[in-house]
Amino acid sequence: MNFLGKIFTWWEGATIGTSLWSARNGEHVGTDAQGNKYFRSKDTKSGQRERRWVIYEGVNDASRVPSEWHGWLHGSYDQLPESHLAPPKIWETDYTPNATGTDTRYLPAGALERGGRRAPARGDYEAWTPDA
């Protein structure tokens, strides 16, 4: 992205202001498999909770935060997620982005975008008519 885009847009990664603020006031604590970078505040005043935040790699979409980092961001535990990770299960799949509003979204049978036709009803269904 060009320089002006980094100054004025926030939906594709961090703006220059956010990047500078994070470098000055934050401590980089980790990066997930998608390239999202996680930070926490360097200085926490007495009685205040530690601030934690994420800078997304690419499009800013909260569904791109893995569950282990989500728990850390929201203060469910203080240790970094690597210490909480269980070994991956055989049935776990890789992350797929939220496809809502894109051409790859799920369209059920009968959706207008698929031609608006659905399979005919089967079984003992009879349509009601007021004349009968």
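Read-outs throughout are calculated quantities, based only on the coordinates presented, and are distinct from any laboratory measurement. It should be emphasised that the depicted structure is a prediction, and the values quoted were computed from it without experimental measurement. With ideal geometry, Cβ positions are generated from the backbone for all residues, glycine too; neighbour counts draw on all protein chains shown.
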Using modelled backbone amide H atoms (1.01 Å from N, in-plane), which distant-in-sequence or interchain residues come within less than 5 Å of Arg51's amide H? Ser41
Each residue of region 114-122 in turn: what ³J(HN,Hα) in whole Hz from Karplus with 6.51, -1.76, 1.60 and θ = phi - 60°, glycine and Pro shown as x? 9, x, x, 10, 10, 5, x, 5, 10
GNM result for the chain, Cα springs below 10 Å: residue of Asp32, Asp61, Asp103 fluctuating most strongly: Asp103
Extension gain (nm, one decimal) between Ala33 and Thr93, 0.36 nm per residue minus Cα-Cα: 20.3 nm
Taking a crude spin-label model, label points 7 Å out from Cα along the C-beta direction, the Ala109 to Arg24 distance in nm is 6.0
With Kirkwood radius over Cα pairs in Å as the read-out, I listed [x] 19.1; [y] 15.0; [z] 16.0; which label goes with the value calculated from this structure? [x]
Assuming R0 = 41 Å, can you tell me the calculated FRET efficiency for the pair Val59 and Glu126, based on Cβ-Cβ distance, to the nearest 0.05? 0.25
With only helices counted (DSSP H, runs n ≥ 4, each -39500 (n - 2.57)), the per-residue ellipticity at 222 nm for the chain, to the nearest 500, works out to -4500 deg cm²/dmol
Using alpha carbon centroids, what distance separates region 62-80 and region 114-132, in Å? 48
Please return the longest range in the chain lying between exposed loop sites, taking GluC sites (Glu not before Pro), DSSP loop only, at most 12 other beta-carbon atoms within 10 Å, and leaving the sites out. 1-49
May I ask for the angle, rounded to the nearest 10°, between helix 16-25 and the longest principal axis of the chain, with both axes built from Cα atoms and the value confined to 0 to 90°? 50
Arrange the following residues from fewest to most other Cβ atoms within 10 Å of their Cβ: Leu80, Leu20. Leu20, Leu80
